[in-house]
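The structure under discussion appears below in the form of structure tokens.
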Amino acid sequence: MKGLLMRDLHITWHLGRAVLAFAVAFGLLSAISDEFTFFTFYPCLLVSLLPLSVLSTDERTHWDLYADLLPCSRAQQVSVKYLLNLLCIAGAAVFITLCQLVRQLRLGSFSLGELLFFPLVMLALSLFSNAICFPFAFRFGMEKGRLIYFCLIGAFASVSFLLSSDFGMTIIAAVLSIPLTPAMLLALVLLAALAVFALSWWLSVVLYRKRELN
């Protein structure tokens with residue numbers, strides 16, 4: 001497993017240097033720009049796509065066929081992609097947090113809630129997006145999986161926007177019969193994201209074990 005992870009990290013660096021440069025640039029812009037929300041979103045989005053790029057490269061170079069001959073299970077091959085995804089989005093979230101700290105110090109208005117809010121939202125969205133995509137990619141291949149992913153992520157973004165609005169919070173609060181604060185809603189979203197990510201991990205292992213490679 002360690003060897004697989006080191007390999008994927010090496011490929012991620014080789015494939016994603018330009019992506020990482022753009023992510024850093026957007027993060028720095030978020031620290032100096034008044035429109036920080038726009039620039040905060042993209043580093044996590046860009047970095048979360050890197051594990052998918054590695055998976056696409058594996059299929060294009062037929063690494064998936066070669067890996068089946070190695071002393072590693074398909075469960076390990078799937079798990080290393082999920083671990084890579086966690087490392088990428090956690091690193092992006094930490095970087096965004098540091099950028100927001102610089103922004104707050106520059107403006108002289110430190111707020112722990114605001115400092116943590118946007119990185120945690122981006123973390124949850126990144127967990128959700130790849131959790132949706134990975135099972136399709138491991139079952140049908142990256143090309144078909146990517147098409148399904150973009151369709152689902154568009155629908156997911158629309159639902160997320162609706163739920164994050166005052167109207168959405170009112171509906172959720174009515175369903176749960178409790179008033180929801182933004183902090184409570186964020187905590188629920190994070191818990192849901194982690195649960196969906198864990199379910200996606202298990203489902204990808206099950207589906208990839210049954211897939212016939214050619």
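The values are calculated or read from the model by the stated rules, or taken from the named source; none is laboratory data. All values derive from a computational prediction rather than experimental measurement. So basically every Cβ, Gly included, is an ideal-geometry build from the backbone, and we count neighbours across all protein chains shown. Protein only, heavy atoms only, side chains kept; ligands, DNA and RNA dropped before computing areas. Shrake-Rupley method; radii C 1.70, N 1.55, O 1.52, S 1.80 Å.
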Worksheet item: Out of curiosity, is L69 crowded, with 16+ Cβ neighbours inside 10 Å, farther than 17 Å from V205 by Cα and not acidic (D, E)?
Response: no
Item to complete: Restricting attention to the range 52-66, report how many residues are under 18 Å from W202 (Cβ atoms) and open to solvent by 20 Å² or more (accessible area, probe 1.4 Å).
Response: 0
Worksheet item: Among the listed residues V54, V94, V19, V102, which satisfies the condition of being under 18 Å from F117 (Cα atoms), under 15 Å from the mean Cα position of the chain (by Cα) and of a type outside the set (G, A, S)?
Response: V94
Worksheet entry | Looking only at the range 161-214, and only at residues there that are under 30 Å from D68 (Cα atoms) and of a type in the set (F, W, Y), the one that is modelled with the lowest pLDDT | Y208
Worksheet item: Can you name the residue in the range 9-34 that is among the small types (G, A, S) and surrounded by 17 or more Cβ atoms within 10 Å (Cβ to Cβ) and, of all such residues, is farthest from D58 (Cα to Cα)?
Response: A31
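Residue by residue, here is whether (1) modelled with pLDDT under 80; (2) surrounded by 22 or more Cβ atoms within 10 Å (Cβ to Cβ) holds:
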position: C88; (1), (2): no, yes
position: L101; (1), (2): no, no
position: Q104; (1), (2): yes, no
position: A124; (1), (2): no, yes
Response to the item:
Checked pairs for the range 189-211, first more than 12 Å from V121 (Cα to Cα), second open to solvent by 40 Å² or more (accessible area, probe 1.4 Å) and part of a helix (DSSP H, G or I), C-beta under 7 Å and 6 or more apart or across chains, list as L207/R139; Y208/R74; R209/R74; R211/R139
